[in-house]
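First the structure, in the form of structure tokens, and then the observations on it.
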């Protein structure tokens, strides 16, 4: 009971407001394993029967004002797995980030840090990239998550230090905007998912929903990912690259998600990636 109460408080979930359906009830009543990290951050994990499936949800939540967050470029031969990058740069947390060319290990979406542009959105990504995650300041404490098309990237970059094209956008101003009606493998299929978001209290959320392990971690659709982010308390959120790229790491526990590239339900299946969200 104490763990349940703690989970409700820490996640900012109102039972009266959100436990209106079986999936919300399952989420609130889940046996959340919560680890206290540095400077008020928390790592959370639960395996929850939701959406007629098993959702394996990994979260790091931290107060933006107490950390420095950046999107790190490691293109081409410099690409590496999140845990190794985290240890190398002395990070607190690492989350995989944008879509990329798996052959060349280069960003396949618009990605800019200061005056350096690392990628442009490839036409093949246009159907799922409909927004941006941007940091207005160099410390990544002022986060913008917004809808944006390719014609607006430079305008956003003119106001922000770091811009990464992302999508589908999940939540804007506390409203789920991801559509449950799109029917294709990417949107309506269940896959590992990565999401990044913020809440009204100035917290940042890094989220991985494990997948590709039937009965242990079934993965989520885009709509289900948005629902989970909403239940976690996010008011703005975007989907990031998922599938075998999905991974989340912290310096205390190591990899807390179950990356699927090794086809084993453990913490050792990370994939090399050319960009990632890194927190110090």
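The values are calculated or read from the model by the stated rules, or taken from the named source; none is laboratory data. None of the values given here were measured: they were computed from a predicted structure. Glycine also receives a Cβ, built like all others from the backbone with ideal geometry; neighbour counts cover every protein chain displayed.
Table: residues versus (1) within 27 Å of residue 257 (Cα to Cα); (2) touching a strand residue (DSSP E or B) at 6+ places or on another chain (Cβ under 9 Å); (3) free of Cβ contacts under 8 Å to residues at least 24 places away in the same chain; (4) surrounded by 18 or more Cβ atoms within 10 Å (Cβ to Cβ).
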site	(1), (2), (3), (4)
107	yes, yes, no, yes
151	no, no, yes, no
162	yes, yes, no, yes
167	yes, yes, no, yes
180	yes, no, no, no
188	yes, no, no, no
202	yes, yes, no, no
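Residues in the range 204-220 that are touching a strand residue (DSSP E or B) at 6+ places or on another chain (Cβ under 8 Å) and outside any strand (DSSP E or B) were compared, and the one that is farthest from residue 49 (Cα to Cα) is 212.
Just one of (1) crowded, with 21+ Cβ neighbours inside 10 Å; (2) in contact with a strand residue (DSSP E or B) (Cβ under 9 Å, 6 or more places away or on another chain); (3) without any contact (Cβ under 8 Å) to a residue 60 or more places away in the chain fails for residue 243. It is (1).
Only one of the listed residues (112, 84, 65) is outside any loop (DSSP other than H, G, I, E, B), within 27 Å of residue 171 (Cα to Cα) and out of contact with any strand residue (DSSP E or B) (no Cβ under 8 Å at 6 or more places or on another chain). That residue is 65.
Okay, residues lined up against (1) over 20 Å from residue 72 (Cβ atoms); (2) over 16 Å from the mean Cα position of the chain (by Cα); (3) part of a helix (DSSP H, G or I):
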{"residue": "225", "(1), (2), (3)": "yes, no, yes"}
{"residue": "229", "(1), (2), (3)": "yes, no, yes"}
{"residue": "241", "(1), (2), (3)": "no, no, no"}
{"residue": "249", "(1), (2), (3)": "no, no, no"}
{"residue": "263", "(1), (2), (3)": "yes, yes, no"}
{"residue": "266", "(1), (2), (3)": "yes, yes, no"}
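Of all residues in the range 113-142, those that are touching a residue at least 12 places away in the same chain (Cβ under 8 Å) and at positive phi have Cβ atoms under 7 Å from Cβ atoms of residues that are surrounded by fewer than 17 Cβ atoms within 10 Å (Cβ to Cβ) and assigned to a loop (DSSP other than H, G, I, E, B), 6 or more apart or on another chain, in 140/68. Only one of the numbered conditions (1) surrounded by fewer than 19 Cβ atoms within 10 Å (Cβ to Cβ); (2) at pLDDT below 95 is not met by residue 40, and that is (2). Counting the residues of the range 1-27 that are at pLDDT below 95 and within 20 Å of the chain's Cα centre (by Cα) gives 5. Among residues that are touching a residue at least 40 places away in the same chain (Cβ under 8 Å), more than 17 Å from the chain's Cα centre (by Cα) and more than 24 Å from residue 49 (Cβ to Cβ), residue 172 is not included.
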